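Notes follow once the structure below has been shown.
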Amino acid sequence: MTLRTQHPDLPPVLRSTAAHLLTRAAARGAFMLPRCRNCARISWPIREACPHCLGDIVPDCASARATVIACTTVLAPVAPYFRAGEPWVTGLLAFGAEASALAFLHPDARVGDQVCVRLVLDRAGQAVLYAAPERAAPSADPHWMEMTMSPQGRSVLITDMRHPAAGDLARMLRAEGAAEVLGGSADGLMPEDLAGLVTPVALDLSQPENVRACAARLGGTVDLLITTTDLPAATTPPGRDAEGAMSIIAEGLDRLIQAFSPMFFHRASQTTAAARPLGWVNLLSVFGVICPPGLARYGAAHAAALSLSTCLRMECLPFGLRVMHVLHGPLTGGGAFMPEVPMLRPAALAQSLAAALREGREELIVGDHAVDLVQRYEENPKSVERGFAFKTLS
């Protein structure tokens, strides 16, 4: 007998290589449309070459305002995913005189309405257009909620409350309407200022048996898991403690993945397409992308965790699960202290994460230092290496 893994129904997943350029923009919460380098015309849907002049097509920032010129409620869709739950509303949008495009619509949208258009990831992790009137709240549309990781009404687990941003994350989740916030703690205790906000959970990421026991208790009820595996503030520079950094940051995340992911996969395979997806958020240092020599071992641990997180995302996509990377700069009260770099306030990290959860992003870069570092590295990795080597880059 051959055993087969049961997967939930998903929206169509086939996309061209060019279309995944828009997937990257949607994952980061940017609104872009495909535009020709030569004639500057918008070409929708995205193609390998411009249909007017055969020039190269690239995603380009565009106005997110459009007009609904036609709309309909799809009562008999072909794809099984769209048959579950409430009928989907689709429509044709006009972006001025430049182009028109098909998009999912908020139920309140009508022909002639001016709408705000978003480039978002659907349940299968593919980029789609969603439009809603400015007066309408997207959260009132259940189909919009299927494409986000909003904590509203959900049970959330923060894996390590020693993280400098853990308290602000817990307050943010409560403000966003989370039904329950669980906080991991090796001793099962919680700071007094979080009493009533966070339910303490005995979770020690350095102990595999403890992690598996916690997953057995909570894996069937937790809807959103936020990993906060990082070094606490200490006098020892994190760059010198290779074993401790790797054990806490990378191996701790690996233990969580091994314990919780099978339960998430099973729950996802048993739910209907209309159910809101489960989510996983990994808070990681931007030094996992590139770091200065003094933090090499700390950066190596976060690089390993970033690799684990990326593989977890690839495993989760066929189940309709969303995995988000949050790359942040050095945090006030964190383990990676750099006096020459502006420290990121934990409250700012929590606020940025709240917006990203509501918008269903896959990638979030927080803090001016982290944004600048990633942009420089993507444009020219060698310039960043030389900048760190000769102290011309913080």
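Quick notes
Residue by residue, here is whether (1) assigned by TED's automatic domain parsing to the domain that holds residue 169; (2) touching a His at 6+ places or on another chain (Cβ under 7 Å); (3) closer than 19 Å to residue 346 by Cα; (4) surrounded by fewer than 21 Cβ atoms within 10 Å (Cβ to Cβ) holds:
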position	(1), (2), (3), (4)
304	yes, no, no, yes
309	yes, yes, no, no
323	yes, no, no, no
329	yes, yes, yes, no
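- Among residues of the range 17-38, those that are β-branched (Val, Ile, Thr) and outside any loop (DSSP other than H, G, I, E, B), counted: 1
- Considering the range 21-37, and only residues there that are surrounded by 14 or more Cβ atoms within 10 Å (Cβ to Cβ) and without any contact (Cβ under 8 Å) to a residue 60 or more places away in the chain, the residue that is farthest from the chain's Cα centre (by Cα) turns out to be 36.
- In the set 178, 165, only one residue is in contact (Cβ under 8 Å) with a residue 12 or more places away in the chain and touching a helix residue (DSSP H, G or I) at 6+ places or on another chain (Cβ under 6 Å); that residue is 165.
- Which numbered condition residue 129 misses (of (1) part of a loop (DSSP other than H, G, I, E, B); (2) closer than 21 Å to residue 42 by Cβ; (3) within 18 Å of the chain's Cα centre (by Cα)): (1)
- One residue alone among 97, 109 is in a loop (DSSP other than H, G, I, E, B) and either surrounded by 14 or more Cβ atoms within 10 Å (Cβ to Cβ) or among the hydroxyl-bearing types (Ser, Thr, Tyr) (or both), and that residue is 109.
- Selection status of residue 260, farther than 30 Å from residue 81 by Cα, in contact with a helix residue (DSSP H, G or I) (Cβ under 6 Å, 6 or more places away or on another chain) and aromatic (Phe, Trp, Tyr): no
- Against the list (1) buried (at least 18 other Cβ atoms within 10 Å of the Cβ); (2) assigned to a helix (DSSP H, G or I); (3) among the β-branched types (Val, Ile, Thr), the condition residue 365 fails is (2).
- Residue ranges of helices (runs of 4 or more DSSP H) in the range 135-233 with at least 1 members under 24 Å from the mean Cα position of the chain (by Cα) and charged (D, E, K, R): 142-146, 166-175
- Cβ pairs under 8 Å, 6+ apart, first in the range 124-142 and on the phi > 0 side of the Ramachandran plot and in contact (Cβ under 8 Å) with a residue 40 or more places away in the chain, second surrounded by fewer than 20 Cβ atoms within 10 Å (Cβ to Cβ) and polar (S, T, N, Q): 125/23
- Residues satisfying the stated conditions in the range 52-88, i.e. at pLDDT 90 or above, in contact with a helix residue (DSSP H, G or I) (Cβ under 8 Å, 6 or more places away or on another chain) and over 21 Å from residue 32 (Cβ atoms): 74, 88
- Just one of the listed residues (91, 85) is in contact (Cβ under 8 Å) with a residue 12 or more places away in the chain and either touching a Gly at 6+ places or on another chain (Cβ under 6 Å) or more than 25 Å from residue 41 (Cβ to Cβ) (or both), and it is 85.
- Subset of the range 369-394 [touching a residue at least 12 places away in the same chain (Cβ under 8 Å) and loosely packed, with under 12 Cβ neighbours inside 10 Å]: 389
- Selection status of residue 79, small (Gly, Ala, Ser) and in contact with a Cys (Cβ under 9 Å, 6 or more places away or on another chain): no
- Residue match in the range 44-53 (condition: touching a Leu at 6+ places or on another chain (Cβ under 7 Å) and surrounded by 15 or more Cβ atoms within 10 Å (Cβ to Cβ)): yes
- Boolean, residue 117 is more than 27 Å from the chain's Cα centre (by Cα) and surrounded by 19 or more Cβ atoms within 10 Å (Cβ to Cβ): no
Yes/no matrix, rows are residues, columns are (1) of a type outside the set (A, V, I, L, M, F, W, C); (2) farther than 17 Å from residue 246 by Cα:
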{"residue": "285", "(1), (2)": "yes, no"}
{"residue": "289", "(1), (2)": "no, no"}
{"residue": "296", "(1), (2)": "no, no"}
{"residue": "300", "(1), (2)": "no, no"}
{"residue": "305", "(1), (2)": "no, no"}
{"residue": "314", "(1), (2)": "no, yes"}
{"residue": "320", "(1), (2)": "yes, yes"}
{"residue": "323", "(1), (2)": "no, yes"}
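- Among the residues of this structure, residue 348 does not count as one that is assigned to a helix (DSSP H, G or I), modelled with pLDDT of 95 or more and closer than 30 Å to residue 269 by Cβ.
The values are calculated or read from the model by the stated rules, or taken from the named source; none is laboratory data. A quick note: this is a predicted structure, and the numbers were derived from the prediction, not measured. Note: ideal-geometry Cβ built from the backbone for every residue, glycine included; neighbour counts use all protein chains shown.
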